[in-house]
């Protein structure tokens, strides 16, 4: 990849430069020292990836990310001195379109070779992003299921959501519009590293009336609760409708994978499902959304105009996996209306039967 570095600290720039070049397969496209310069350089020479600092004089990394994604979109990795202390800014940048975030590797200035604290994590992140941006995963099923209509099996209601680039802010907008007495549990798979998934759950919890927390091994979906996939393994639903995590399939670049989770829900959830696939790069979730639709779920894809990156929803639209393609502002009202309508229909049917008796 041709990788650009945006940072105002010389030692950080050198650490990132060495980290990129030490992998032997990447090159540094250019270096910018603030957000304004980064926007200009990106317009002149768009790289394969931008390493974007958060805190810089003049225009910070959040606003630079927002403007780059609006004018000349390309993959952006936030690189900051401390993800934990800057979690709110990290989520804001991810809402603006950044793919992920990682702590800045700390270079040993006395060493003649590339020795730093955090370089392995940094380089692993680059490898993952290269897979996400360069490799198109085949549209195949992870689970081989026979058709079996979810709605015919009875059981409770469930909302499942998949998102990636731009997801945090998008999720916040949807969750903030769901009422405290919303009748269905919500489970989310967002492409986010495990090291700050907990912070994201805490942040989302402050944005809505429902209780948001990380999904734990053995959890069962509960009304009033939003569960967020919280590890770098895949979240899955088991045959007893309890949740768990699995490393398999190991070859998937998307971890956690929306496809893996959606297909496990299609296989095991014994009730009504509404599913939404939101903004994000790549194709993850499209095949799983199709499987859910085939099994009777009400499926939604976010529309192009409201997406930060129109990748995952586009793949779903191309597969005709979505019953509805909606702007962001219409998704929460549709989720509310969908289950209210189902409840009204069920009540009406019951009343008619009682009257007949």
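The values are calculated or read from the model by the stated rules, or taken from the named source; none is laboratory data. These figures come from a predicted structure and were not determined experimentally. Note that each Cβ is placed from the backbone with ideal geometry, even for glycine, and that neighbours are counted across all protein chains shown.
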Selected residue [in contact (Cβ under 8 Å) with a residue 12 or more places away in the chain, more than 22 Å from residue 310 (Cα to Cα) and under 25 Å from the mean Cα position of the chain (by Cα)] from 62, 79, 36, 28: 79
Tell me yes or no: at least one residue of the stretch 51-68 is surrounded by fewer than 18 Cβ atoms within 10 Å (Cβ to Cβ), under 18 Å from residue 123 (Cβ atoms) and either out of contact with any strand residue (DSSP E or B) (no Cβ under 8 Å at 6 or more places or on another chain) or not assigned by TED's automatic domain parsing to the domain that holds residue 312 (or both). no
So, in the stretch 166-196, how many residues would count as being closer than 27 Å to residue 246 by Cβ and modelled with pLDDT under 90? 5
On the given criteria, is residue 211 surrounded by 14 or more Cβ atoms within 10 Å (Cβ to Cβ), assigned by TED's automatic domain parsing to the domain that holds residue 286, touching a strand residue (DSSP E or B) at 6+ places or on another chain (Cβ under 6 Å) and without any contact (Cβ under 8 Å) to a residue 24 or more places away in the chain? no
Would you call residue 233 free of Cβ contacts under 8 Å to residues at least 24 places away in the same chain, surrounded by fewer than 23 Cβ atoms within 10 Å (Cβ to Cβ) and under 16 Å from the mean Cα position of the chain (by Cα)? yes
For the stretch 310-331, does any single residue satisfy the condition of being touching a residue at least 40 places away in the same chain (Cβ under 8 Å), closer than 18 Å to residue 187 by Cα and part of a strand (DSSP E or B)? no
